[in-house]
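The values are calculated or read from the model by the stated rules, or taken from the named source; none is laboratory data. Quantities reported herein were computed from a predicted structural model and do not represent experimental measurements. Cβ: placed from backbone, ideal geometry, glycine included. Neighbour counts: every protein chain shown. Each accessible area value is taken on the protein alone, full model and side chains, heavy atoms only, with ligands, DNA and RNA left out. Shrake-Rupley method; radii C 1.70, N 1.55, O 1.52, S 1.80 Å.
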Amino acid sequence: MPNARKKAAYSKKDLREVSDNPKLTRADFARARPFAEVFPDLGASIRKGRGPNKSPTKKLVSLRLSPEVIEHFKSTGSGWQSRIDETLRKAVKRKASA
C-alpha cells in the first residue's frame, strides 16, 4: 500500500482519559482478598494443573538441546519431553551395564 502510514501508539495520557478504572489506593489493596476466598466454588472449578506431587519422581531442570533433537521428538506428537527422558534413561542403563 503506497499510502499506508504507521499509526502512532497511544500515550499514557490517552489511556488515562478513556479508562473507567479508578486508581487503586493502599486502602483498596488492604481490603483485597484472594479470589478463592471470595469465590470458593468457582475457584475450585477453574483450578488447573495437577498440583504438587506427593512424592516427586523427577527434577525440574533447564536444558539446552539442538534444534534437530527438539524437532525430532516434537514431530512424534505430545509427550515428547517424556520420550526424551525415556531415551536418556535407556542410554544411562546401557552405559551402566557396559
Exercise. Using the Cβ atoms and a cut-off under 15 Å, what net charge is assigned to the surroundings of PRO40, where Lys and Arg are +1 and Asp and Glu are -1?
Worked result: 0
Exercise. Can you give the calculated 222 nm mean residue ellipticity of the chain, where each DSSP H run of n ≥ 4 adds -39,500 (n - 2.57) and the sum is split over every residue, rounded to the nearest 500 deg cm²/dmol?
Worked result: -13500 deg cm²/dmol
For this session: Could you tell me which label, among [x] 72, 56, 24; [y] 39, 28, 17; [z] 44, 27, 27, carries the value of Cα extents along the principal axes in Å calculated for this structure?
Result: [x]
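In the chain, what percent of the accessible surface is made up of carbon and sulfur (1.4 Å probe, ligands and nucleic acids excluded)?
Numbers: 5900 of 10400 Å².
Within the chain, the accessible surface is 57 percent carbon and sulfur.
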For this session: Provide the net charge surrounding LEU65, with neighbours chosen by a C-beta distance below 14 Å and charges set as Lys +1, Arg +1, Asp -1, Glu -1.
Result: 0
For this session: With only Lys, Arg, Asp and Glu charged, each at its Cβ (+1 for the first two, -1 for the last two), find how big the charge dipole of the chain is about the Cα centre; round to the nearest 20 debye.
Result: 440 debye
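Counting other Cβ atoms within 10 Å, keep those with at most 16, restrict to DSSP loop, and tell me which GluC sites (Glu not before Pro) in region 14-98 are left. Please list the in-between numbers first.
Details: sites: GLU17, GLU37, GLU68, GLU71, GLU86; in loops: none.
Sparse-neighbourhood loop GluC sites (Glu not before Pro): none present.
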Problem set entry | Per residue solvent-accessible surface (Å²) - the chain, probe of 1.4 Å | 106 Å²
Problem set entry | HN-Hα J in Hz across region 86-98 - Karplus 6.51, -1.76, 1.60, θ = phi - 60°, x for Gly and Pro | 4, 5, 5, 4, 4, 5, 5, 5, 4, 5, 5, 7, 7
Exercise. Short version: ³J(HN,Hα) in whole Hz for each residue of region 26-40, in order, from phi by Karplus 6.51 cos²θ - 1.76 cosθ + 1.60 (θ = phi - 60°), x for Gly and Pro, what are they?
Worked result: 4, 5, 4, 5, 5, 7, 5, 10, x, 3, 5, 6, 6, 10, x
